[in-house]
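What follows is a set of notes on a single structure, which appears directly below.
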Amino acid sequence: MPDEEKPKAKKPKKIENPDGEMSVREAGKKGGDTVRNRYGSGFYEEIGRKGGEATRERHGAGFYEAIGQKGGKVVKEKYGADFYEQIGHKGGQKVKKLIADAKTAAAKAAKDLEEP
């Protein structure tokens, strides 16, 4: 499993514009950066939550289950069923490390409180 190659996202091709004009992608990034700087990164979380609530009201909670199954099917066809085992193992290892780190931090905090 460690020797296996991870699926990689395709990188968009960089298109040089000889006229010095901005591409649509560059304009979108610039606008996104401006919004982030003006309203903070939490703004995206807030509008995403509002959009999710509106979608749930419009289509029902089962809509998310249906699109999740559809997406899962596409991922399974693209990467194979073993892919889920691999990412599940990685996620489990990450959780295990986070729990161990939290226990270590809690023990350190308790020790620091005991010392005068």
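Descriptive notes on the structure:
- Å² of accessible area per residue within segment 33-91, as computed with a 1.4 Å probe and no ligands counted: 81
- Table column - 3J(HN,Hα) (Hz), segment 94-109, Karplus curve with 6.51, -1.76, 1.60, x for Gly and Pro: 5, 4, 4, 5, 4, 5, 4, 5, 5, 5, 4, 5, 5, 5, 5, 5
- Modelled FRET efficiency - R0 35 Å, R38 with Q86, Cβ distances, 0.05 increments: 0.30
- Between T55 and K97, the simple spin-label model (points 7 angstrom out along Cα→Cβ) gives 2.9 nm.
- Heavy atoms of Y84 accessible to a 1.4 Å probe, total area in Å² rounded to 10: 90
- Two-decimal log10 I(q)/I(0) for segment 59-98, as the Debye equation yields it once each C-alpha is a single scatterer, q = 0.15, 0.16, 0.35 Å⁻¹: -0.50, -0.55, -1.00
- If the chain linking E77 and E65 were pulled fully straight, counting 0.36 nm for each residue of separation and taking away their Cα-Cα distance, it would gain 2.5 nm.
The values are calculated or read from the model by the stated rules, or taken from the named source; none is laboratory data. Keep in mind the model is a prediction, meaning the values are calculated, not measured. For neighbour counting, all protein chains shown are included, and Cβ atoms are generated from backbone atoms with ideal geometry for every residue, glycine included. These accessible areas exclude ligands, DNA and RNA; they are computed on the full protein's heavy atoms, side chains included. Shrake-Rupley method; radii C 1.70, N 1.55, O 1.52, S 1.80 Å.
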